[in-house]
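Input: a single structure, listed below in structure tokens.
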Amino acid sequence: MKKVMLKTTLSLAVAMASSHVFASGFALNEQDVAGMGTGFAGRSSSADNASTVYGNPAGMARLEGQQITGGVAAIDASTDIKDASGTGTARGSNKGDMVPFTGVPFGFYTNKLNDQWAIGFGVYAPFGLVTDYEKGYQGRSFGSYSKVSVITLQPTVSYAFNDRVSIGFGPTINRISGKLESDLSFNPALQDTNVTIKGDDTALGFNVGVLVQATDTTRVGLTYHSKVSYKLKGHTEVTAPTATAGLIASGRYDASLKIDTPESWDASVTQDLSDAWKVYGGATWTRWSRLKEITVNNEGVTAANGVAAPGVIGQINEPQNWHDTWAYALGTSYQVTKQVVLRTGLTWDQSPTNNTDRSPRIPTGDRTIFSVGLGYAVMDNMTVDLAYSYLKEEPVKINKANNLGSYSAKYENSANGFGLGVTYKF
């Protein structure tokens with residue numbers, strides 16, 4: 001009982017930590033539709049609209065007056081599961097397509113107070129994960145449903161030393177919540193035992209950046225996104241058929257864990273080739289090697305036979321052995337007319353997972369992303385941006401085992417991303 005419950009609870013921490021990387025494939029790398037069109041190649045150097053609050057806070061110094069940028073990115077993902085097999089009670093279907101159509105909104109505001117100071121504010125979702133497998137999925141004991149979301153509020157200030165150099169800083173207030181389910185099959189003849197975990201926390205972090213106009217045609221930016229330390233509290237709820245008496249009992253138990261999401265550095269350059277052409281290049285490093293193992297505590301667990309278990313069952317360590325990752329992007333934009341700009345980009349993004357520890361909740365691998373975009377100035381003070389991205393991941397393997405059996409499969413993931421954004425200046 002202890003082993004089953006704690007490993008299920010542990011999946012909540014793994015899903016939270018991995019969602020930022022997994023988002024590159026399925027949900028949340030998009031906080032700016034204009035940047036989405038260039039594959040986010042110039043995220044820390046472009047400073048084209050109010051979304052620079054996230055991309056590089058120092059970029060607010062470049063924006064005149066007041067600006068509002070808002071929009072939504074939608075993700076349509078698909079998965080092909082092949083070569084699935086299992087032992088013990090791991091039987092069932094492998095349909096894939098477990099990621100529902102998902103929309104991710106965002107909004108930013110900036111206000112240039114004078115030649116030196118600017119302020120801004122952002123509301124966005126930096127992390128997110130949704131997977132919802134079909135009833136009877138073969139790997140359901142390792143994860144049948146996962147939903148984790150983070151909403152971030154970021155007040156921001158920037159200061160320009162001169163026309164060439166500016167800096168920016170913004171504390172982040174991050175609210176995380178998650179729900180995960182596993183369906184445990186102790187006996188093929190019995191109804192599955194459902195284990196549902198819910199938890200949430202609020203934690204602080206910060207973003208800081210510097211922007212340098214190196215020459216009249218070259219702009220360089222560097223942004224640091226801090227780690228965020230969560231102390232998640234919630235509960236584990238077990239719904240078991242009575243026929244499993246002696247194996248696992250129905251009940252609701254307190255659960256807690258601590259986890260840090262990693263820091264990242266983003267560097268990019270924006271180069272003007274002419275009045276019409278711009279090229280962008282960028283690289284992002286993320287310190288995923290922080291996630292070596294996770295310790296989980298369950299409290300108040302009672303044995304199925306009615307004999308009280310120890311008050312705290314935990315300090316259970318499970319290895320993850322993730323590694324640091326790099327993402328690289330190249331992009332370009334062409335100003336067709338005064339009103340119309342076209343964009344395109346290509347991104348290569350590493351995954352931190354490995355074949356030994358990868359979970360059905362996070363079946364992600366290295367990915368390549370192709371993007372195109374369009375910006376249209378409908379008025380002098382309003383621009384509408386559209387973007388489309390196609391993502392293809394390398395095939396990855398899942399190999400998991402617990403005391404109920406094992407599950408292995410090959411996953412091939414792809415996704416279509418759509419973005420709509422509006423920037424209004426006043």
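Readers should treat all values here as calculations from the given coordinates under stated rules, not as data from a laboratory. Predicted model only: the values in this text are computed from it and were never measured. Cβ atoms come from the backbone with ideal geometry, glycine included; neighbour counts cover every protein chain shown.
Measuring from label point to label point, each 7 Å out along Cα→Cβ, what is the Trp326 to Ser274 span in nm?
3.3
Pop the C-beta distance of Phe426 and Leu342 into the FRET formula with R0 = 35 Å and round what comes out to the nearest 0.05. Present the calculation step by step, with values, prior to reporting the outcome.
Details: r = 26 Å, r/R0 = 0.75.
FRET efficiency, Phe426 to Leu342: 0.85.
Roughly speaking, what is the centre-to-centre gap between segment 354-394 and segment 396-423 when only Cα atoms are used, to the nearest Å?
16
Which distance in nm do the two modelled labels at Thr215 and Ala74 give, with both placed 7 Å along the Cα-to-Cβ direction?
4.3
Restricting to Cα pairs below 8 Å that are 6+ residues apart, what does the relative contact order work out to for segment 2-425? Please round to a whole percent.
Working: 1356 pairs, mean separation 84.5, N = 424.
Reported relative contact order: 20 percent.
Could you work out which residue, out of Leu184, Leu204, Leu222, moves most in a Gaussian network model of the chain, that is, has the largest mean-square fluctuation with Cα springs under 10 Å?
Greatest mean-square fluctuation among the candidates belongs to Leu204.
Sort Arg343, Arg43, Arg367 so the one with the fewest other Cβ atoms within 10 Å of its own Cβ comes first. Present the calculation step by step, with values, prior to reporting the outcome.
Numbers: Arg343 26, Arg43 30, Arg367 21.
The most exposed by this proxy come first: Arg367, Arg343, Arg43.
Could you work out which residue, out of Met379, Met60, Met36, moves most in a Gaussian network model of the chain, that is, has the largest mean-square fluctuation with Cα springs under 10 Å?
Between Met379, Met60, Met36, it is Met379 that shows the largest mean-square fluctuation.
Taking a cut-off of 14 Å between Cα atoms, list the aspartates and glutamates near Lys82, but don't count ones fewer than 8 places away on the same chain.
Once the sequence-local aspartates and glutamates are set aside, what remains near Lys82 is Asp97, Glu394, Glu412.
If I build a Gaussian network model for the chain, linking alpha-carbon pairs within less than 10 angstrom, which residue out of Ser182, Ser274, Ser408 has the largest mean-square fluctuation?
Looking only at Ser182, Ser274, Ser408, the largest GNM fluctuation is found for Ser274.
Do the alpha carbons of any pairs in Lys112/Lys231; Lys227/Lys278; Lys179/Lys425; Lys135/Lys231; Lys292/Lys410 sit beyond 29 Å of each other, and which pairs? Display every interim value, and only then the final one.
Working: Lys112/Lys231 37 Å; Lys227/Lys278 32 Å; Lys179/Lys425 39 Å; Lys135/Lys231 32 Å; Lys292/Lys410 24 Å.
Checking Cα-Cα distances, Lys112/Lys231; Lys227/Lys278; Lys179/Lys425; Lys135/Lys231 exceed 29 Å.
Let's test the formula: R0 of 41 Å, r as the Cβ-Cβ distance of Arg252 and Tyr390. What FRET efficiency results, to the nearest 0.05?
Details: r = 43 Å, r/R0 = 1.06.
E between Arg252 and Tyr390, to the nearest 0.05, is 0.40.
In debye, nearest 20, what is the charge dipole magnitude of the chain about its Cα centre with +1 on Lys and Arg Cβ and -1 on Asp and Glu Cβ, if you could check?
Charge dipole of the chain: 820 debye, to the nearest 20.
What do you get when you divide the Cα radius of gyration of segment 328-426 by 2.2 N^0.38 Å, with N the number of residues?
Values: Rg = 19.7 Å, N = 99, 2.2 N^0.38 = 12.6 Å.
Normalised by 2.2 N^0.38 Å, the Cα Rg of segment 328-426 equals 1.56.
When the helices in the chain are scored as -39500 (n - 2.57) per DSSP H run of 4 or longer and the sum is shared across all residues, what 222 nm value do you end up with, to the nearest 500 deg cm²/dmol?
That calculation yields -2500 deg cm²/dmol at 222 nm.
Simple spin-label model, 7 Å along Cα-to-Cβ: Val378 to Ser414 in nm?
For the pair Val378/Ser414, the computed spacing is 3.3 nm.
What are the semi-axes of the equivalent ellipsoid for segment 2-425, taken as the square roots of 5 times the Cα gyration tensor eigenvalues, largest first, in whole Å?
Values: eigenvalues 381, 99, 55 Å².
After diagonalising the Cα gyration tensor, the semi-axes are 44, 22, 17 Å.
Find out how many positive minus negative residues lie around Lys233, taking Lys and Arg as positive, Asp and Glu as negative, among other residues whose Cβ is under 11 Å from that of Lys233.
Numbers: positive: Lys198, Lys231, Lys258; negative: Asp200, Asp201, Asp254, Glu299.
Computed value for this residue: -1.
Label segment 86-149 by shape, choosing from rounded, prolate and oblate, from the square roots a ≥ b ≥ c of the eigenvalues of the Cα gyration tensor; if a/c is under 1.5 it is rounded, and otherwise prolate applies when a/b is larger than b/c, oblate when it is not. Before the final figure, lay out the partial values.
Working: a/c = 7.24, a/b = 4.42, b/c = 1.64.
Prolate shape, in that a/c is at least 1.5 and a/b is the bigger ratio.
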